[in-house]
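These notes are about the structure you will find just below.
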Amino acid sequence: MERLDSRVRVIWLLRVFVGSVVAGVIAGVATGFVDRVAVSPVLVGAAVFAGLLALGAVHVVLRYRAWRFEVREDTLYIERGVLVNVRTVVPYVRVQHVDARRGPVERALGLSSVVVYTAGSRGADVSIPGLVAER
């Protein structure tokens, strides 16, 4: 089984950081509107930011450890999930098309994501993030 490139953790941590900043600002502003709060809104915002950032960083480490994939002779096999372990098997005969995606951060890190679209109902696509662009 192959692992994702370790640089994918940078992308995931960046997303956690941005989400933590947004949540911290919202918490700080919301606290500022409450008249009878003994705690500074800045302190509340900073605490929310720090707490979410710490939890998110732990989740990124666990998520990276859980992600594995294997390109087999006739199927694509993927294992992922932190709280719920998901195993996906995609037979090649069910594949309709494949997209390679590279956002600005992925391009800067030399990574890409592959999305495999399969025949089936809604949500019948599988994405593998954090692949080396040359692969």
Check: Fully extended, how many nm does the chain gain between Ala133 and Val18 (0.36 nm per residue separation, minus their Cα-Cα distance)?
Finding: 38.9 nm
Next item on the list: For segment 97-102, take each phi angle, set θ = phi - 60°, evaluate the Karplus expression 6.51 cos²θ - 1.76 cosθ + 1.60, and give the result in whole Hz per residue in order, putting x for glycine and proline.
Entry: 7, 10, 10, 10, 10, 9
Note to self: Could you give the length gained by full extension between Leu62 and Ala100, i.e. 0.36 nm per residue of separation minus their alpha carbon distance, to one decimal place?
What the structure shows: 11.2 nm
Next item on the list: Could you run the Debye sum over the Cα atoms of the chain, one equal point scatterer each and no solvent, and tell me log10 of I(q)/I(0) at q = 0.16, 0.19, 0.20 Å⁻¹, two decimals?
Entry: -0.88, -1.08, -1.15
Margin query: Rg over Rh of segment 68-132, using C-alpha atoms and the Kirkwood radius, what does it come to?
Written below: 0.99
Item checked: 5 angstrom amide H check on Ser127, placed H, neighbours 5+ away -> Val116
Checklist line | Unit charges at the beta carbon, dipole of the chain: most positive-side option, Ala100, Leu13, Leu53 | finding: Leu53
Item checked: Long-range amide H partners of Thr75 with built H, under 5 Å -> Tyr92
Next item on the list: Enter the angle in degrees (range 0 to 90, nearest 10) between the Cα long axis of helix 8-33 and the first principal axis of the Cα atoms of the chain, meaning the one along which they spread out most.
Entry: 30
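Values in this text are rule-based calculations from the coordinates and carry no lab data. As the structure is a computational prediction, the values presented were derived from the model and not from experiment. So basically every Cβ, Gly included, is an ideal-geometry build from the backbone, and we count neighbours across all protein chains shown.
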